[in-house]
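Visitor: Starting off with a structure, shown below.
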Amino acid sequence: MKPVLLMDFGSTYTKLTAVDVESETLLGTASSYTTVQTDIGEGLQNALDILEQKTGKLDFAERYACSSAAGGLRMITSGLVPELTAEAAKQASLGAGAKVIRVYSYELTKKDVAEIVASRPDMILLVGGTDGGNSECILANAKKLSQVDPICPIVIAGNRNCADECEELLEKWETHVCENVMPKFNELNIEPAQHEIRQIFLNRIIQAKGLSKASELISGIMMPTPAAMMAAMQLLAEGTKAESGIGELVAVDLGGATTDVYSIADGMPTQSNTIVKGLMEPYAKRTVEGDIGMRYSIWGIVDAAGIDRVSQLSGIAPERAKEMIQFLSENTETLPQDQEWENLDFALASLAVETAVARHAGTIEQVYTPMGLAYSQIGKDLTPVRRIVVTGGAIIHTKRTGEIAAHSLQNPNQPGSLRPVGAKFLVDRKYILAAMGLLGQYYPDTALRIMKKELVEATE
Amino acid sequence: MEKKTLVMGVIGADVHAVGNKILYHAFTAAGFNCVNLGVMVSQEEYINAAIESNADVIVVSSLYGHGELDCRGMREKCDEAGLKGILLYVGGNIVVGKQPFDEVEKRFKEMGFDRVFGPGTPPETTIAALYEDLGVQPPEETEE
């Protein structure tokens, strides 16, 4: 036996997953309440005690960690045109596992800079212009930022022709120059910036977040938890040399405050006469719906879907549903106790999944041209995707997982939404996906085989 | 010499892709850095692409007769977006039916287009205009 410990430091919980990499089995999982303010080591020790009560004493050969503690990796991005480089910067940051606090486009104002300073980001991503293209905007923004005291590292990933000049302007700041996120018009190149973001997170942010206290207990890599989740999904979809993956997939992580959606799929048009519009989207794409969550963002679900649909799906009268939702928004730790509350959570989870996946997926519309019917597609076409992975407390701790997950599929009322047409739903019942993303950095075959074994199929 | 950048595409609901490809190859061979937006391009897409790529000229094509509607307000939008004075070219079957070209040219020039090309214009004509307006010379290696 060779036990490996995978740790996920969250803002409120430390989650542990123990695996034996020799037999490729899951030994156990445990979680414990923690606060970074006290000592992260204490929360870890509590969680370890709980884990070892279940598994017996384990002598871990290796320990790896990911973290979303202290707000996760909080980033500000600044680009030129909102739909182009500003969007590319946002995609790059989200894909690197960041929480994007705000996206700025065009030139920053003094007020914007004051806002940036006040919001205390962990990192700023500064982009703008294609290579050889616009340089005025990024230079102006670098200059504006150079007039205030440095607050965090800046990644410069804009027009390469003015990268040196940006660096000189920002000499007081810690700067990292990397390849342009959009070197040519509409050509997305976000991996170099993502790599840089992860490196900085590793080298710098972890200390600042007080996580180094736990570092003597950790033998390798710290990444933001969403980046670990993204890595797990990519591994599961693509497979390794030794073990095949399950193919293109969509994953939904329904949380209390946000809902994250991942797609590992090329998203190219599936019908002829289709013209793709807008910025090319990444093959591995992550979106975060900050207004869609089961507790802190519960009203966001109602705003997006309407109280009538909540009422219809839950079978609870609108007035009563509103009262219950108000209660849950004020008592965020509440878990459903009886059938009525379960029905409400079912409706909310279903609508959260529907809204978040609809926002993630592309859209298509018919265009009548003098040459006949054509289609205009924006974003990714996910209709051919046949695997949907679901995780998050409200989905995995209910018997109606399949029904909730089915709301991620295309429905006749929204024909323009390019969501999967029909799919198999895979449930992360033991909440191990982020841990498998971490393990996959060292033992990809093992992590993949454990995922394939532990993800259980749900039916509608 | 620094290459000049042009943004090109077929405007509106027009899906004529072949001429667009031919022009792209002709302009590239003539020494321009081409940002080709393809077919069914909106005014906003040309403008956004021109901002990011710091383009010198926008070349609008239209083959399906609705070019006049599609092109209206484009100059004003460029001004609004900070692309003051950017060269705007338009060409193709840009109006409905057969109309005297001098009238068509006049209308498009009033809309703010710097050059207007009628049906059947060979790429060489447009390229010659680009060299003249941008004050550049053909690249030496274009001789075949």
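What follows draws every value from the coordinates through simple rules; no lab data is involved. Model, not experiment: these values are computed from the prediction. Glycine also receives a Cβ, built like all others from the backbone with ideal geometry; neighbour counts cover every protein chain displayed.
Visitor: Please report, in debye to the nearest 20, how large the charge dipole of region A:255-381 is about its Cα centre when each Lys and Arg carries +1 at its beta carbon and each Asp and Glu carries -1 there.
Guide: Value, rounded to 20: 560 debye.
Visitor: Convert each backbone phi in region B:74-87 into a coupling constant with the Karplus relation 6.51 cos²θ - 1.76 cosθ + 1.60 (shift: θ = phi - 60°), then list the ³J(HN,Hα) values in order as whole Hz, x for Gly and Pro.
Guide: Values per residue, Gly and Pro as x: 5, 4, 4, 5, 4, 4, 4, 7, x, 8, 5, x, 5, 5 Hz.
Visitor: Which ordering of A:84, A:5 is given by a fewest-first count of other beta-carbon atoms within 10 Å?
Guide: Fewest-to-most ranking of A:84, A:5: A:5, A:84.
Visitor: Between residue A:441 and residue A:119, what FRET efficiency follows from the Cβ-Cβ distance if R0 is 51 Å, with the result rounded to 0.05?
Guide: The value I calculate is 0.95.
Visitor: What is the list of residues in region A:437-458 whose amide nitrogen lies under 19 Å from a point 7 angstrom out from the Cα of residue A:13, following Cα to Cβ?
Guide: A:437-439, A:454-456
Visitor: Quick check on the exposure proxy: order A:173, A:341 from fewest to most C-beta atoms within 10 angstrom.
Guide: A:341, A:173
Visitor: Tell me the label-point distance for the pair residue A:110, residue B:69, using the 7 Å Cα-to-Cβ offset, in nm and rounded to one decimal.
Guide: A separation of 4.8 nm, rounded to one decimal place.
Visitor: Among the lysines, which have Cα under 23 Å from the Cα of residue A:430 when same-chain residues fewer than 8 positions away are ignored?
Guide: The qualifying lysines are A:2, A:15, A:54, A:57, A:399, A:452, A:453.
Visitor: To continue, here is another question. List the residues, sorted by chain then number, that are 5 or more residues from residue A:306 or on another chain and whose placed amide H is less than 5 Å from its amide H.
Guide: The list, which skips near neighbours in sequence, is empty: none.
Visitor: Build a GNM of chain B with springs between Cα atoms under 10 Å: which of B:73, B:118, B:97 gets the top mean-square fluctuation?
Guide: Of B:73, B:118, B:97, the most mobile in the Gaussian network model is B:97.
Visitor: Same structure, new question: Between residue B:106 and residue B:22, with labels modelled 7 Å along Cα→Cβ, what's the label distance in nm to one decimal, could you check?
Guide: 3.0 nm
Visitor: Which of the three applies to region A:220-308, rounded, prolate or oblate, going by the alpha-carbon gyration tensor with a ≥ b ≥ c and a/c under 1.5 meaning rounded?
Guide: In terms of gyration-tensor shape, oblate.
Visitor: Moving to a separate point now. Give the relative contact order (percent, whole number) for region A:74-204; include only Cα pairs under 8 Å separated by 6+ residues.
Guide: That works out to 25 percent.
Visitor: Counting only residues 5 or more places away or on other chains, whose amide H sits under 5 Å from the amide H of residue B:9 once H atoms are built in the peptide plane?
Guide: So residue B:9 has HN proximity to B:37, B:59, B:61.
Visitor: Can you list the lysines whose alpha carbon is less than 23 Å from that of residue B:84, not counting same-chain residues fewer than 8 positions off?
Guide: Residue B:84 reaches A:184, B:3, B:4, B:106, B:109.
Visitor: Provide the FRET efficiency to the nearest 0.05 for the residue A:330-residue A:177 pair, computing r from the beta carbons and using R0 = 45 Å.
Guide: After rounding to 0.05, the efficiency reads 0.45.
Visitor: To continue, here is another question. Run the numbers for residue A:368 and residue A:241: contour at 0.36 nm per residue of separation, minus the present Cα-Cα distance, in nm.
Guide: The span from residue A:368 to residue A:241 would gain 41.1 nm if fully extended.
Visitor: Also: Provide B:69, A:126 in ascending order of the number of other Cβ atoms located within 10 Å of each residue's Cβ, fewest first.
Guide: By the 10 Å Cβ count, ascending: B:69, A:126.
Visitor: A follow-up question, please. Cα centroids of region A:372-394 and region B:1-28: how far apart, whole angstrom?
Guide: Centre-to-centre (Cα) distance: 31 Å.
Visitor: For a test of the definition: using alpha carbon positions, the gyration tensor, and the 1.5 limit on a/c, classify region A:74-204 as rounded, prolate or oblate.
Guide: rounded
Visitor: Another question, then. From the phi angles alone, apply the Karplus equation (6.51, -1.76, 1.60; θ = phi - 60°) to region A:91-101 and give each ³J(HN,Hα) in whole Hz, x where the residue is Gly or Pro.
Guide: Karplus values, whole Hz, x for Gly and Pro: 4, 4, 5, 4, x, 7, x, 7, 9, 8, 6.
Visitor: Between residue A:337 and residue A:386, take the C-beta separation as r, use R0 = 41 Å, and let me know the FRET efficiency to the nearest 0.05.
Guide: 0.65
Visitor: Report the extension gain between residue A:378 and residue A:322 in nm, rounded to one decimal, defined as 0.36 nm multiplied by the number of residues separating them, less their alpha carbon distance.
Guide: 16.7 nm
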